[in-house]
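Student: Here it is: the structure, laid out below.
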Amino acid sequence: MRETFTMRPDVRHATAEDAGAVAELIATAFAQLKVVSYLVPDRRERHRILTANFQIYVDHALEHGEIHLIDGGSAAAVWFAAPMPAPRDYDIRLAECTGEWADRFRVLDALFEEHHPAEPHHHLAFLAVHPDHQNQGLGSALLRHHHARLDGAPAYLEASSTGSRDLYARHGYQAREPFALPDGTLFWPMWRPGAP
């Protein structure tokens, strides 16, 4: 479904004070994606585990990337400039926050790594819009905000649904061959070429 909006929302850089809310927002926005059922089959623990896992990347982005936030906290985009260092103590933190499901997260990490392009680019790790604010153009606003600052550099992401794949395609991303998790959940690597 196409997003529609009537006014341009304010976008700001997230700070350390926003970190917990951003991780919570991503977990909430991604709750209905097929991948979360694979990563954490236990529904009772799913939101807590996903929030803790996303916190690792949010903390890392505050140090090595950028987080753009729609004022009011209804949408966020987490970007890195690739190549980038791995999060500090990642394996330890992953095991602590995902517990018995850690190997499933490692499978996803390995697939992401296998399909990640080698050339320098900006990597959109997460684009999250709260379910109560979807289809209002907030995701598009966040994409436009960062694209305007790319200065000709290419960008890359992994789309986790056909809806998000189609949104990104409208913003110049080209889908590559999809890859699948062991349960058949598909991801579409997508590349937005840099300007000449």
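Any read-out appearing in this document is the output of simple, stated calculations on the displayed coordinates, not a laboratory observation. It should be emphasised that the depicted structure is a prediction, and the values quoted were computed from it without experimental measurement. Virtual Cβ from ideal backbone geometry, glycine too; neighbours counted across all protein chains shown.
Student: Hey, what do the phi angles of region 79-91 turn into as Karplus ³J(HN,Hα) couplings, whole Hz, using 6.51/-1.76/1.60 and θ = phi - 60°, x for Gly and Pro?
Tutor: In residue order, the calculated couplings are 10, 10, 9, 9, x, 9, x, 6, x, 4, 6, 4, 4 Hz.
Student: Amide H to amide H, which residues 5 or more places from residue 159 or on other chains are under 5 Å from it, using H placed in the peptide plane?
Tutor: Residues meeting the criterion, in which the H sits 1.01 Å from N, are 188, 190.
Student: Of 188, 39, 105, which is farthest along the charge dipole of the chain in the positive direction, counting Lys and Arg as +1 and Asp and Glu as -1 at C-beta?
Tutor: Result: 188, furthest along the dipole toward the positive end.
Student: Taking amide H positions as placed 1.01 Å from N in the peptide plane, with prolines and chain starts having none, which residues 5 or more places from residue 137, or on another chain, fall under 5 Å of its amide H?
Tutor: Here 4 satisfy the definition.
Student: Taking N as the number of residues in region 49-127, what value does Rg over Cα atoms divided by 2.2 N^0.38 Å take?
Tutor: Numbers: Rg = 13.1 Å, N = 79, 2.2 N^0.38 = 11.6 Å.
So the Cα radius of gyration is 1.13 times the expected 2.2 N^0.38 Å.
Student: Sum up the charges of everything whose Cβ sits under 12 Å from the Cβ of residue 30, counting Lys and Arg as +1 and Asp and Glu as -1, but leave residue 30 out.
Tutor: +1
Student: I've got another one for you. If I stretch the segment between residue 183 and residue 92 completely, what's the gain in nm (0.36 nm per residue apart, minus their alpha carbon distance), one decimal? Write down the numbers at each step before the final one.
Tutor: Numbers: separation 91, 0.36 × 91 = 32.76 nm, distance 2.56 nm.
My answer for the length gained is 30.2 nm.
Student: Turning to a different aspect of this structure: May I ask you to derive the FRET efficiency for residue 8 and residue 100 from their Cβ-Cβ distance with R0 = 45 Å, giving the value to the nearest 0.05? Numbers along the way, then the final one.
Tutor: Values: r = 44 Å, r/R0 = 0.99.
With a Förster radius of 45 Å, E is 0.50.
Student: Summing Lys, Arg as +1 and Asp, Glu as -1, what charge do residues with Cβ under 14 Å from the Cβ of residue 99 carry, residue 99 excluded? Working shown, then result.
Tutor: Values: positive: 44, 46, 48, 93, 104, 106; negative: 42, 45, 91, 96, 100, 103.
Spelling it out: positives minus negatives among the neighbours equals 0.
Student: Same structure again: How many nm separate the modelled label positions at residue 147 and residue 66, each set 7 Å beyond the Cα in the direction of the Cβ?
Tutor: 1.5
Student: May I have the extent of the alpha carbons of region 11-192 along their three principal axes, as whole Å values ordered from largest to smallest?
Tutor: The principal-axis extents, from largest down, are 42, 37, 32 Å.
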